[in-house]
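Presented below is the structure to which this report refers.
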Amino acid sequence: MELDIDDARLEFAAPRGYLDTASVGVPPASTVAAIRQALEGWQRGETRPQDYDPVVAAGRAAFARLVQVGEDDVAIGSQASALVGLVASSLPDRSRVVVVDGDFTSVLFPFLVQGGRRVEVVSVPLDRVAEAVDARTTLVAVSAVQSATGALADLDAIAAAAQHHGASTLIDITQACGWLPIDASRSDVTVCSAYKWLLSPRGIAFMTVVPAIFDRITPHAAGWYAGADVWSSIYGGPLRLAATARRLDVSPAWICWVGAVPALQLLGRVGVEAIHAHNVGLADRVRCHLGLPAGRSAIVRVESPGAAARLEAAGIRASTRAGAARLSFHLYNDEDDADRAAEVLTTGIVSECR
């Protein structure tokens, strides 16, 4: 059954003025209840490892639907940087990787640690990524939404440039998935940590890989859960990995997955398009109050001196990134949250915004 935003908001106990989803998302009540039940069952010794297999499968399927790919194209992990690291460590020598100035280090460090003689990392401003791609480029690695600013990458232009020059793309969708419509099939690889906009426990990350490049990524962390048949892959050789993106899986943090499934399914029932309109609408409401132009992002960067301190003093939870206050809006926020933040930031003098 589909939910509208108002009905979905009833699932949350987020305090008024929580505007920090870009740091940590707030779980729905169904997630908290599922984790509590799982912990109690664990305490009573009622659970077996195999009992979590359907839970992980449901989470993989729910994520696949959110990003418009098949389940066989989704691998699971624990952190985005570890998944990016699989790609970075699989690059051939003398690769050239184009990245974004000031991007989140989980996208940068796995390539920088390879060393300049093996992998050349070229860092450019966000609006120049597509033009920096040339015939020497092996890979473009960029966050779809910049963590510090909320700025959106031009994924269409990047994909076109990469295709034209025969390069691959890796898109970190951690700050996008859950509010920005994403078609992961348009990128060779995407990675996503689930504890922000996907409202899930920390310890879950996803990776999508187009089938054409499965064999280019070495599953350095392969274990029993990457096996073609998980429960007949727990002892001994020979190597027998799954033929799908599951070959890149690491074994799941079970309780985290119990909590993730209700959250992912809730987002699917509301629909990313509806969440996008809601979140960006609230962000634009604040921008309007502050005299800023409308944007395309659910994240608002406020460079006013002392903004973060004023928000905190007023009991509004935001964050500070790259020297500016960062506000982020999700489906549990409403117009009162936006207006209250604007009043604090403008010392009570706000324009009329609709």
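Coordinate-derived values only; no laboratory data. All figures in this text were calculated on a predicted structure; none of them were measured in a lab. Positions of Cβ are generated from backbone atoms using ideal geometry, with glycine treated the same way; all protein chains shown enter the neighbour counts.
About the Cα centre, and with charges only on the beta carbon of Lys, Arg (+1) and Asp, Glu (-1), how big is the dipole of the chain? Nearest 20 debye, please. If you can, show how the numbers build up before the last one.
Numbers: 31 positive and 39 negative charges, 184 e Å.
The calculation lands at about 880 debye.
Looking at [x] 29, 58, 11, 2, 0; [y] 30, 55, 15, 0; [z] 33, 62, 5, which value of P(r) over Cα pairs in 20 Å bins from 0, in percent comes from a calculation on the structure shown?
Computed from the coordinates, P(r) over Cα pairs in 20 Å bins from 0, in percent corresponds to [y].
How high is the FRET efficiency from Ala314 to Asp6, r the C-beta distance, R0 22 Å, rounded to 0.05? If you can, show how the numbers build up before the last one.
Working: r = 25 Å, r/R0 = 1.14.
Once rounded, the FRET efficiency stands at 0.30.
Using Cα centres only, tell me the gap between region 253-274 and region 72-97 in whole Å.
So the two Cα centres are separated by 24 Å.
Would you calculate a helix-derived [θ] at 222 nm for the chain, using -39,500 (n - 2.57) for each DSSP H run of n ≥ 4 and dividing by the full residue count, to the nearest 500? Walk me through the intermediate numbers first.
Numbers: 11 runs with 121 residues, N = 354.
That comes out to -10500 deg cm²/dmol.
With a ≥ b ≥ c taken as the square roots of the eigenvalues of the C-alpha gyration tensor of region 105-178, please select rounded if a/c is under 1.5 and otherwise prolate if a/b is larger than b/c or oblate if it is not? Before the final figure, lay out the partial values.
Details: a/c = 1.89, a/b = 1.17, b/c = 1.62.
Oblate is the answer for region 105-178, as a/c is 1.5 or above yet b/c matches or exceeds a/b.
Around Ala75, which amide H atoms from residues at least 5 apart in sequence, or from another chain, sit under 5 Å from its own amide H, with H modelled in the peptide plane?
Met207, Thr208, Val209
Using 7 Å Cα-to-Cβ label points, what is the Asp334/Ala160 separation (nm, one decimal)?
In this crude label model, Asp334 to Ala160 measures out at 4.2 nm.
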